[in-house]
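Chemist: One structure follows; several queries about it will come next.
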């Protein structure tokens, strides 16, 4: 039996009486795109925060490739191969798109030479290629604050991919993006993930996106996984239609 | 799919402006012969300028230290103690020991203060500098108290020099240090480690999610800033021939921040330009307007902040840019 890429065991956390995670045990296998859906406030983002070390659970464990990473800070978990993209893109606003990626590559490669220019680092071509992959090559030299929300989302994901992770956790990759742009962004994203051979977990509220791009869906409700299965099967489940799709719609 | 543009790797090289800076350094080098009365004043200004570059480094990460005179003073006192222990010690040894002293102090203080940001960072630095000031004041049997300690003239490469030649060598040493350390700092800013350090200003969350410790990143810059302040402190101590607790007094730290803003916050060249202008204005304002010179300086800074937020370097840059355009026509 193979070790899951990410596994949680009995994760529990509460915030002032609200249960955000209630004895959550979940296994995520490599090579899949898992979508997490659920009502607002169900604890989906908290789950991502716990898996990346930003929040420590009151009880339970997080294992990445079989190693217990529960007590590690985010940076140590990132160093082990878990990257994160955010609902609100977390970028270096005084830097260009390319520089954001070059900084990520420098962090990944442990560049410590104090006299080499960031732009002369060996990863430059690789990062330009990554920008092409996410369809942002034409804005490589623009400050990220000048870009559209959709472009910032893609740059945020590209920064995470620059770390060459094994697992990418994304919080609502298409939120704040115009409906007409959502499919385009997801097409680019799924292609980039496949090319980089990265497993992904993404929180999403758009059921159309989930149906089209997820290999598997987990329904989060009241701090736990209520259902899990293939998109077609899950999205037609009466409980999901009542508790999740009904609310989202 | 969009194509990769061939935009420049960095800002376009500003050769005409670089030439202006070279001319500036040459003019400085001519001061001892052209205007000898300014020689010591410029030495003081360059010593302060180096310390201001240290403060400038932290400004690039969005942090303001109100206590960096600590490292300025520690380096100067290290030199004074060394001269007391080894009379006739060499200037190179003083520079090495003073800088190492500042670096070591930077490590000790830095490991603690890099946990904090903003006003807490600034005030904790101030607290450390004032603790050291109290030690200097109270342990007078060791430190000389408020009177300080004499710092006799060191030898230079084994040679005991008279005051004139010594001050001339010190002057050129200050210019060399300005050019070398200024260049190193600018290169460091452009390097991956320097760029990571500067991201502390904009997004520590992302930095953490790149697998980098923001505290460690800040510590790297903090050590560089302590080193620069240390070199400035050694130069100032040796140039003045005495060190006093005033070296670490909060006014000295505030003066460094003042000059950094005046010169153009975040600019290495601005730090030196600001220090030169500040020292000249301060000297002549105190000579000709003894009672109101601080007020004049304050008004000067107000005008800069209100009308030239880029500081003196911003004014210099736009003037130089205009001159280059005129030249191109």
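Chemist: Who wins for biggest fluctuation among A:151, A:61, A:226 in a Gaussian network model of chain A, springs between alpha carbons below 10 Å?
Modeler: In this elastic network of chain A, the residue with the biggest mean-square fluctuation among A:151, A:61, A:226 is A:226.
Chemist: Along the Cα→Cβ direction, 7 angstrom out, place labels at residue A:79 and residue A:29. What is the inter-label distance in nm?
Modeler: 3.2 nm
Chemist: From a point 7 Å beyond the Cα of residue A:228 in the direction of its Cβ, which residues of the range A:25-46 have a backbone N at a distance under 12 Å?
Modeler: In the range A:25-46, the label zone of residue A:228 (backbone N under 12 Å from the point 7 Å along Cα→Cβ) covers A:25-30, A:34-36.
Chemist: With all distinct Cα pairs included, what does the Kirkwood hydrodynamic radius of the protein assembly as shown come out to in Å, to one decimal, could you say?
Modeler: 26.8 Å
Chemist: Another one. Mean separation of Cα pairs under 8 Å and 6+ residues apart, divided by the residue count of the range B:156-301: what relative contact order is that in percent?
Modeler: So the answer I get is 15 percent.
Chemist: Note the angle between two axes, namely the Cα long axis of helix A:149-162 and the longest principal axis of the Cα atoms of chain A, as a number of degrees from 0 to 90, rounded to the nearest 10.
Modeler: Roughly 80 degrees between the two axes.
Chemist: For chain B, what D do you get in µm² per second when you plug the Kirkwood radius from alpha-carbon pairs into Stokes-Einstein at 25 °C and 0.890 mPa s?
Modeler: 119 µm²/s
Chemist: Work out the mean other chain Cβ neighbour count within 10 Å for the residues of B:272-281 and drop it here as an integer.
Modeler: 0
Chemist: Under 8 Å for C-alpha pairs, at least 6 residues apart: give me the relative contact order for chain B, rounded to a whole percent.
Modeler: About 32 percent, as a whole number.
Chemist: Just from its helices, what would the mean residue ellipticity at 222 nm be for chain B, if runs of 4 or more DSSP H residues each count -39500 (n - 2.57) and the sum is divided by every residue, rounded to the nearest 500 deg cm²/dmol?
Modeler: Helices in chain B give a 222 nm mean residue ellipticity of -24500 deg cm²/dmol.
Chemist: Neighbouring Cβ atoms within 10 Å as the yardstick, rank B:183, A:54, B:133 fewest first.
Modeler: B:183, A:54, B:133
Chemist: Write down the Kirkwood hydrodynamic radius of chain A, to one decimal in angstroms, obtained as one divided by the mean of 1/r over all alpha carbon pairs.
Modeler: One over the average 1/r among Cα pairs gives 18.6 Å for chain A.
Chemist: Please identify, among B:25, B:109, B:52, the residue showing maximal mean-square fluctuation in a Gaussian network model of chain B using a 10 angstrom Cα cutoff.
Modeler: It is B:25.
Chemist: Just checking the output field for A:72-84: average partner chain Cβ neighbours within 10 Å of each residue's Cβ?
Modeler: Mean shielding count: 3.
Chemist: Sticking with this structure for a sec: When the Kirkwood radius is taken over all Cα pairs of the range B:135-174, what Stokes-Einstein diffusion coefficient follows at 20 °C and 1.002 mPa s, in µm²/s?
Modeler: So the translational diffusion coefficient is about 178 µm²/s.
Chemist: Then there's this: Whole Å is fine, so just give me how far the alpha carbon centre of the range A:65-124 lies from that of the range A:129-145.
Modeler: 17 Å
Chemist: Let me ask something else about it. Evaluate E = 1/(1 + (r/R0)^6) for residue A:242 and residue A:179, where r is the Cβ-Cβ distance and R0 equals 41 Å; express this FRET efficiency to the nearest 0.05.
Modeler: 0.95
Chemist: Give the order of A:207, B:295 when sorted by the count of other beta carbons within 10 angstrom, beginning with the fewest.
Modeler: With the sparsest Cβ surroundings first, the list reads B:295, A:207.
Chemist: On to the next question. Restricting to bridges with both residues inside chain A, how much of the DSSP beta-bridge set is antiparallel, in percent to the nearest 5?
Modeler: 55 percent
Chemist: Counting other C-beta atoms within 10 Å, which of A:149, A:7 has the fewest, and how do the rest follow?
Modeler: A:149, A:7
Chemist: Extension gain residue A:146-residue A:120, at 0.36 nm per residue separation less the Cα-Cα distance, in nm?
Modeler: Length gained between residue A:146 and residue A:120: 6.9 nm.
Chemist: Another question, then. With a point put 7 Å past each Cα toward its Cβ, work out how far residue B:172 is from residue A:187 in nm, to one decimal.
Modeler: 6.9 nm
Chemist: Also: Given points 7 Å out from each Cα along the Cα-Cβ axis, report the residue B:141 to residue A:68 separation in nanometres with one decimal.
Modeler: Between residue B:141 and residue A:68, the simple spin-label model gives 5.6 nm.
Chemist: Now a separate question. Just counting partner chain Cβ atoms within 10 Å, what average do the residues of peptide B:186-198 show around their Cβ?
Modeler: Counting Cβ atoms of other protein chains within 10 Å of each residue's Cβ and averaging gives 6.
Chemist: In whole angstrom, note down how far apart the Cα centers of the range B:50-91 and the range A:149-213 are.
Modeler: Spelled out, the Cα-based centre of one part sits 49 Å from the other.
Chemist: Going out from 0 in 10 Å bins, what whole percent of all Cα-Cα distances in the range B:40-144 drops into each bin?
Modeler: Binned Cα distances yield the sequence 14, 41, 34, 10, 1.
Chemist: Let me ask another. As I understand it, the value is the acute angle between the Cα axis of helix A:179-196 and the longest principal axis of the Cα atoms of chain A; what does it come to in degrees, rounded to 10?
Modeler: The answer is roughly 80 degrees.
Chemist: When the chain is fully extended, how far beyond the present Cα-Cα distance does residue B:35 get from residue B:159, taking 0.36 nm per residue of separation?
Modeler: 42.0 nm
Chemist: If packing is taken as the average count of other Cβ atoms within 10 Å, what order do B:124-132, A:232-240, B:193-201 fall into, highest mean first?
Modeler: Per-residue mean Cβ counts within 10 Å order the peptides as B:193-201, B:124-132, A:232-240.
Chemist: Using the C-alpha atoms of the range A:92-164, what convex hull volume per residue, in cubic angstrom, is computed?
Modeler: Normalising the Cα hull of the range A:92-164 by residue number yields 77 Å³.
Chemist: Within the protein assembly as shown, what percent of beta bridges assigned by DSSP are antiparallel, to the nearest 5?
Modeler: If I count the DSSP bridges inside the protein assembly as shown, around 55 percent turn out antiparallel.
Chemist: Can you give the FRET efficiency for residue B:284 and residue A:61, using 1/(1 + (r/R0)^6), R0 = 51 Å, r = Cβ-Cβ distance, to the nearest 0.05?
Modeler: 0.15
All of the numbers you see were taken from the coordinates with simple rules; none came from a lab. Keep in mind that this is a model prediction, so the values were computed, not measured. Cβ coordinates were reconstructed from backbone atoms using ideal geometry, including for glycine residues, and neighbour counts include every protein chain displayed.
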